[in-house]
Amino acid sequence: MPLQPILAKSRIESIDVLRGLVMVIMALDHTRDFFHSTAWTEDPLNLATTTPILFVTRWITNFCAPVFVFLAGTSIYLQSLRKTKQELSSFLIKRGLWLIFAELVIVNLGMTFNPLYTIQILQVIWVIGISMVILGLLIHLPFRLILILGLVIVLGHNLLDVVEAAPGFKPSLWWDLLHRRGIYPYANGHFLFVLYPILPWLGLMLLGYCTGTFFAPTVSPATRKTALLLTGFGLLVFFIVLRFSNLYGNPTPWSEQKSGLLTVFSFIDVNKYPPSLLYMCITIGPALLFLVAIESVKNRLTNFLRTFGRTAFFYYIVHWYVLHSLCLLMFLSRGHLLSDGVNIATKTQTILLFVVPGEGVGLPVVYVIWAGTVLVLYPLCRWYDRYKTSHKEKWWLSYL
């Protein structure tokens, strides 16, 4: 058997396994949002009120969005090996626009259960979509220029924190779309919530695209592992040194706390909205090391995770509807009526219908619901994976 196809297959599988892992972890955070009793009354990262297990439960999910966006860029590079630039550009622009539509119509409905769409939330699918559109335009540039642009954005976007911290600074919608989160009314009783701004996430996708060169068939496993190890460890060392200095890379400094554990928590608690430079370093660094560790591993667990990684978008959409349906059943089991969902959401200004701040279950039960949800989703994703594999002639499947 030729060496080149073997290398390509193993590399793609390692990427799918990592993507599947972060998808599973992501569901934990969303399960907590729907079911944990303090999800809407306390910040799990607030060192004054959190517990170690609650902090870790929330913090570990920091890996999900950046790894998802980064690997989206890597997958785009792999597509560039079998498509012309014009074909890839056209595909990225069309798929990006489709993802933006899916975020606004399909994902938002599953997350909020609000058919009136009174709030539109721009999350990770939106930012992957708009980044794909932009990359579809940039793809015609030389590779080195795309790399430089990604580095400039990721390394330099926190300079905008200085502008935002200036007295009297008033952001506009366009500023928030580029660099910070914000909420804006756009019609009578309707709001746009920018949670994932374009600039930093675009930079991360560009660097993910450039990292795809390590996975080209012409790169030997030894060379790839060395490059990923050096980059991964380099990012972690860079994070520790820069974070310790408190000079740059995150808008909120760390500080010494009343215990060593809380001090560590303060040190690793970096900004996600928008993702700071240090946030990207502490998430992408370990992700690259994981890719090295998992490349030659194949067992039941990796096959399990690989299924989710190969059906990530399908999984992402379905998991919102499964979790929210379970939340609705629990809401009704407490004696609430369907009409109470709207009334309570309006009174408490909760964006998720049928979620009552202060009501819910403890963290152990959250973990049980999370595990059950993942297990329920597995056969659905396995079926969908097999359907995609056996129907390659269906062009529309490449957009899902």
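Residues that are assigned to a loop (DSSP other than H, G, I, E, B) and open to solvent by 40 Å² or more (accessible area, probe 1.4 Å) were ranked within the range 184-201; the one that is farthest from Gln120 (Cα to Cα) is Asn188.
The set of residues from the range 352-369 being open to solvent by less than 50 Å² (accessible area, probe 1.4 Å) and either closer than 25 Å to Gln120 by Cβ or not in a loop (DSSP other than H, G, I, E, B) (or both) comprises Leu352, Leu353, Phe354, Val355, Val356, Pro357, Val361, Leu363, Val366, Ile369.
Residues in the range 114-170 that are within 30 Å of Leu326 (Cβ to Cβ) and open to solvent by 40 Å² or more (accessible area, probe 1.4 Å): Pro115, Leu116, Tyr117, Thr118.
Taking every residue in the range 233-244 that is farther than 11 Å from Leu278 by Cα and in contact (Cβ under 8 Å) with a residue 40 or more places away in the chain and pairing it with any residue that is part of a helix (DSSP H, G or I) and open to solvent by less than 40 Å² (accessible area, probe 1.4 Å), at least 6 positions away or on another chain, the pairs with Cβ-Cβ distances below 9 Å are Phe233/Gly285; Phe233/Leu288; Phe233/Leu289; Gly234/Gly285. Look at the range 255-275: where a residue is farther than 30 Å from Val127 by Cα and a partner is part of a loop (DSSP other than H, G, I, E, B), sitting 6+ places away or on another chain with Cβ atoms under 7 Å, you get Gln257/Leu47; Leu262/Leu47; Thr263/Glu256; Thr263/Gln257. Taking first residues from the range 92-110 that are in contact (Cβ under 8 Å) with a residue 40 or more places away in the chain and under 22 Å from Leu326 (Cβ atoms) and partners that are open to solvent by 50 Å² or more (accessible area, probe 1.4 Å) and in a helix (DSSP H, G or I), the Cβ contacts under 9 Å between residues at least 6 apart in sequence or on separate chains come to Gly110/Tyr321.
Summed over the range 174-183, the residues that are within 17 Å of Gln123 (Cβ to Cβ) and open to solvent by 50 Å² or more (accessible area, probe 1.4 Å) give a count of 4. Annotation: Gln120 fulfils all but one of (1) more than 16 Å from Phe313 (Cα to Cα); (2) touching a Phe, Trp or Tyr at 6+ places or on another chain (Cβ under 9 Å); (3) part of a helix (DSSP H, G or I); the unmet one is (3). For the condition among the aliphatic types (A, V, I, L, M) and crowded, with 18+ Cβ neighbours inside 10 Å, Ile106 does not qualify.
Are any residues in the range 192-219 among the hydroxyl-bearing types (Ser, Thr, Tyr) and under 16 Å from Ile130 (Cα atoms), and if so, which ones? Even if it seems obvious, please write down each step before you answer.
First, pick out the residues of the range 192-219 that are among the hydroxyl-bearing types (Ser, Thr, Tyr): 196, 209, 211, 213, 218.
If the condition is that a residue be among the hydroxyl-bearing types (Ser, Thr, Tyr) and under 16 Å from Ile130 (Cα atoms), then Tyr196, Tyr209 are the ones that fit.
The values are calculated or read from the model by the stated rules, or taken from the named source; none is laboratory data. Every value quoted in this text rests on a predicted model; they were computed, and no experiment measured them. Neighbour counts are summed over all protein chains in view; Cβ atoms, including those assigned to glycine, are modelled from backbone coordinates with ideal geometry. We work out accessible area using only protein heavy atoms, side chains counted, and drop any ligands, DNA or RNA first. Shrake-Rupley method; radii C 1.70, N 1.55, O 1.52, S 1.80 Å.
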